[in-house]
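Here's the structure we're looking at; comments come further down.
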């Protein structure tokens, strides 16, 4: 028999039970997210702040040692050092990319890939990117990163292409927006040129919004997830043995005018032998039972283990009440947290799923790790 002390209780567990616990997948042992409060105005596009515990809980068990150490993410993926080099990128960056503290998703910094001006024919030039060599010069595995676009120029896009992620080896695996096909001045198709020149309509790109990208790269499969949902997969025979680099940012672009200026911010990069998943997936529903009603993904503004912020998207959810769910990186989902009806100027209200919803203004303890932008 083994004796354990758990939160002040002495628990005796037989060896067979202990073995069973050790065989439980890591994500089943992850902390369950607990929502203790929500502040903000419940209206379309407003920013709400969620307080609680276990809201992120990055499950780093299978991450590369470059991106996780001692059970937590390293500075490399979250840009926690004093510079790109100090964060772990060494000299693996080129062009107009730097660390900034003015915009970030987690921690207090991100990478800012900035490009501007007229450009033509830059296929062989890295304009503003960081690059990695994967695990032992092998990129095969699961990659995750968050990216956010911002325009500081004339609002135009390259007339040819603007690549923001890619594996360069014997075979290529690129992910980019199709900037030749715009709706309301914004690209809406994600373009994966190789191997089948595929485009996926994911809706018009929104400036100043964090997007979560995941990709699987191996010798038989290429897969892309966006904000936690699979949007593309292809099977075949792929050769990534002669790796040049895995690149993030503005790799290169072609066909811009003098007034062109764009930022691509990067954060929460990870590389793993198993799927990484979003750092924290925030959803609103019109049903208190998870998955029983309409679930709408909420774009994150800030993510930490004790506080997350999101821009409210009430599309398709009616007039309320709304039910908030947070699924952390360990793939455990919180209980429903009830929010009041939404309308312009209404105050946030809420309770756990076991209580009744109240309306009006609610005063809560100040959340930790608060980030406003």
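No value in this document is a laboratory result; all are computed from the given coordinates. Note that the coordinates shown come from a computational prediction; the quantities given were computed from them, not determined experimentally. With ideal geometry, Cβ positions are generated from the backbone for all residues, glycine too; neighbour counts draw on all protein chains shown.
Quick look at the values:
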| item | result |
| --- | --- |
| Projected area, mean over directions - the stretch 105-196, Cα convex hull, nm² | 7.9 |
| Simple spin-label estimate for residue 237 and residue 47 in nanometres, 7 Å along Cα-Cβ | 5.2 |
| Cut-off 19 Å, label 7 Å out along Cα→Cβ of residue 258, residues of the stretch 154-170 by amide N | 154-159 |
| Separation in nanometres of the label points that stand 7 Å from Cα toward Cβ, at residue 230 and residue 294 | 2.6 |
| Efficiency of FRET between residue 152 and residue 273 - r from beta-carbon atoms, R0 41 angstrom, step 0.05 | 0.60 |
| Ordering of 231-238, 77-84 by packing [mean C-beta count within 10 Å, highest first] | 77-84, 231-238 |
| Förster-model FRET efficiency, 51 Å R0, residue 100 and residue 220, C-beta, rounded to 0.05 | 0.85 |
| Mean-position separation - Cα centroids, the stretch 82-125 and the stretch 156-199, in angstrom | 20 |
| For q = 0.14 Å⁻¹, Debye-computed log10 I/I(0) when each Cα of the stretch 68-272 counts as one equal scatterer | -0.80 |
| Cα gyration tensor, the stretch 171-304 - rounded (a/c under 1.5), prolate or oblate | oblate |
